[in-house]
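Notes follow the structure.
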Amino acid sequence: MKVLTIALGLFLLAPSLALGVNDGFYCGQRIVSVGDRIWEVARKCPEPFWTESYDRPLAADRHGRLLGLARVEVWALNFGANHFMRRLEFINGRLSRVRDLGYGVDYEPGSRRCGPHELTQAGKTTAEVFARCGLPDYSYEIPSAQHYGYFGGSAYRQGEHHVWTYEFGPRRQPRELLFVEGRLQRMSIP
């Protein structure tokens, strides 16, 4: 009986083991795989609650001049509070990477505000922070032509840089979040 239980468990897990996190996943009843075109994924999955796009350098010559750019589009999908959100990265219109984010939400992503403590727990990507805390009160982009710079006393790396500021009223200090290519690099009190 124990062998039968283990065999049944492996049989049920086989589809998820065959599709690693970076290879693909089920979007409802349909499989989405790395290499799929963006329009194919759009037909299989719900509409993303978060999108962002940027250009990523492909290569540079020995003088630092860019030799080409790739267009990166990122989608975030919410499947509810009992499932992980997914981050889909497309390069030049083809799915190149699928990553799990934190657990999803049961409400409309971005429809709620959060306090300072919840903000520190919201997640490590723009999509996760937006889903749990809504849009920031202020935001701006730091030109990506700057290879190195300083934010709150720390050096940051090259890539798309966005700074989001959340205010929490007159008695609480605001928080600034620095995102590089959609990933949280630093949270600080200005």
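The values are calculated or read from the model by the stated rules, or taken from the named source; none is laboratory data. In this text, all values refer to a predicted model and were calculated from it rather than measured experimentally. Positions of Cβ are generated from backbone atoms using ideal geometry, with glycine treated the same way; all protein chains shown enter the neighbour counts.
Going through region 94-126 one residue at a time, which ones are under 30 Å from residue 57 (Cα atoms) and either among the charged types (D, E, K, R) or touching an Asp or Glu at 6+ places or on another chain (Cβ under 8 Å) (or both)? Result: 94, 95, 96, 97, 98, 99, 100, 101, 102, 122, 124, 126.
Pairs are defined by a Cβ separation below 7 Å, a sequence spacing of at least 6 or placement on different chains, a first member in region 86-102 that is free of Cβ contacts under 8 Å to residues at least 24 places away in the same chain, and a second member that is of a type in the set (A, V, I, L, M, F, W, C); the pairs so defined are 89/72; 89/74; 92/70. Of everything in region 8-63 that is among the aromatic types (Phe, Trp, Tyr) and assigned to a helix (DSSP H, G or I), the residue that is modelled with the lowest pLDDT is 11. Cβ-Cβ contacts under 9 Å between residues 6 or more apart (or on different chains), taken from a first residue in region 175-190 that is on the phi > 0 side of the Ramachandran plot and buried (at least 19 other Cβ atoms within 10 Å of the Cβ) to a second residue that is of a type in the set (D, E, K, R) and part of a loop (DSSP other than H, G, I, E, B), are listed as 181/160; 182/160. Whenever a residue of region 105-130 is assigned to a loop (DSSP other than H, G, I, E, B), its partners that are of a type in the set (Asp, Glu) and modelled with pLDDT of 95 or more, lying with C-beta atoms within less than 6 angstrom and at least six residues away or across chains, give the pairs 122/128.
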